[in-house]
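Below is one structure, written out as structure tokens; comments come after it.
The values are calculated or read from the model by the stated rules, or taken from the named source; none is laboratory data. Since this is a predicted model, take the numbers as computed values, not measurements. Here the Cβ positions follow ideal geometry from the backbone for every residue, glycine too, while neighbour counts run over all protein chains shown. Just so you know, the surface numbers come from the protein's heavy atoms only, side chains and all, with ligands and any DNA or RNA stripped out. Shrake-Rupley method; radii C 1.70, N 1.55, O 1.52, S 1.80 Å.
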Amino acid sequence: MDLRNVSRVTEFILVGFEQSYPSTRTLLFTLFLALYGLAMAMNGLIIFITWTDPRLNNPMYFFLGHLSFLDICFITTTIPQMLIHLVVKNHKVSFASCLTQMYLVFFVGVAECILLAFMAYDRYVAICQPLSYAQIMSRQVCVSLVGTSWFFGMINGILLDYMTFRGPFCRDNHVENFFCEAPIVIALSCGDPLFSLKVFLADAIVVLLSPMVLIVTSYARILTSILGRASSSGRGKTFSTCASHLTVVVFFYTSAMFSYMNPRSTHGPDKDKPFSLLYTIITPMCNPIIYSLRNKEMKGAMGRALGRASLAQAETV
């Protein structure tokens, strides 16, 4: 194609739910606004209690607080824009806005993938090496692990952003989703998208499967350890502790793998949007609920925090 005679794309149109009936869009706006508010409130409460309650001063809750912070960043990157587009007719976003949004999605998403793997390793050390736990998972080590997840997220975001926008765009500028999702945007490029898609697949294998190997290995060793030495009550308590993390892992990795490891021929608007909603709003909303409902310490800390808030409000009245 002779690109000299073709106009360049300077903005994208996020189709999202534009083709839905007005009543449907109103219902979706109300639903997603409620879910967004719930996710922000629950994750904000997790951050507050894990960083202020001295009874939660251990590595597991340190990681959980950072996971909630990443969840807040993740949903704020995509959902507010979608809510605006549900009530206005103009769905245009600038080239720079699309690039920035995509970078933040990569940045936070990859950081969360790696952090979930470190959380599995933390559970392995706590259960299989309890006498050395404090020494192995020291404060300095925990800070380094969190910093590592953020660093790789930042570097990976730069790489994937470059691979997405390295070619000119002069075809259709309609993105069949509610945010700038990379595989869809790459398909709109004038050049051959095959190389970029191959890089994405290779990156997804490394970013998603490498942490998954660490997670599976950690829980395999945990299972072997507790089946060999723990009592029935001890097994139940250990499984309850690990079940929350495993549930979060299944939600996040399933949706991410479908979005970035499947060939584009198996995708379509009707398939992409549900999975995009799963990892952009449902999973960040469910994470704090899953952890709080299955953890007595978290429920106790939430009760104390809400009790202090109610007491402070009563004193000001």
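Every listed requirement among (1) open to solvent by 10 Å² or more (accessible area, probe 1.4 Å); (2) free of Cβ contacts under 8 Å to residues at least 24 places away in the same chain; (3) not acidic (Asp, Glu) is met by PHE48 save one, (2). For segment 134-173, the set of residues classified as in contact with a helix residue (DSSP H, G or I) (Cβ under 8 Å, 6 or more places away or on another chain), within 30 Å of GLU11 (Cα to Cα) and open to solvent by 40 Å² or more (accessible area, probe 1.4 Å) consists of TRP150, PHE152, MET154, ILE158, LEU159, ARG166, listed by residue number. Pull out all pairs, ordered by first then second residue, where Cβ-Cβ is under 9 Å, the residues are six or more apart or on different chains, the first lies in segment 20-31 and is closer than 14 Å to ILE281 by Cβ, and the second is loosely packed, with under 12 Cβ neighbours inside 10 Å. Sorted first by the residue in segment 20-31, then by its partner, the pairs are PHE29/VAL87.
Note on segment 54-87: among residues that are of a type in the set (Val, Ile, Thr) and open to solvent by 40 Å² or more (accessible area, probe 1.4 Å), the one that is nearest to MET298 (Cα to Cα) is THR76. Listed by first and then second residue, the pairs linking a residue in segment 161-179 that is without any contact (Cβ under 8 Å) to a residue 60 or more places away in the chain to a residue that is among the hydroxyl-bearing types (Ser, Thr, Tyr), with Cβ atoms under 9 Å apart and 6 or more places separating them unless they lie on different chains, are MET163/SER196; ARG166/SER189; ARG166/SER196; GLY167/SER189; GLY167/SER196. Looking only at segment 88-120, residues that are in a helix (DSSP H, G or I) and open to solvent by less than 40 Å² (accessible area, probe 1.4 Å) come to 19 in all. Of the residues making up segment 205-225, those that are more than 18 Å from VAL146 (Cα to Cα) and of a type in the set (A, V, I, L, M, F, W, C) are ILE205, VAL206, LEU209, VAL213, VAL216, ALA220, ILE222, LEU223. If you go through segment 180-220 and pick out every residue that is aliphatic (A, V, I, L, M) and in contact (Cβ under 8 Å) with a residue 60 or more places away in the chain, you end up with 12.
Given the structure, is LEU223 open to solvent by 70 Å² or more (accessible area, probe 1.4 Å) and either touching a helix residue (DSSP H, G or I) at 6+ places or on another chain (Cβ under 6 Å) or of a type in the set (A, V, I, L, M, F, W, C) (or both)? When the stated conditions are applied, LEU223 passes them. Within this structure, PHE62 passes the test of being over 18 Å from THR280 (Cβ atoms) and among the aromatic types (Phe, Trp, Tyr). Within segment 134-185, being within 20 Å of the chain's Cα centre (by Cα), small (Gly, Ala, Ser) and at pLDDT below 85 holds for one residue alone: ALA182. Consider ASP192 carefully, then state whether it is open to solvent by 30 Å² or more (accessible area, probe 1.4 Å), within 25 Å of GLU18 (Cα to Cα) and in a loop (DSSP other than H, G, I, E, B). Taking the combined requirement at face value, the residue does not satisfy it.
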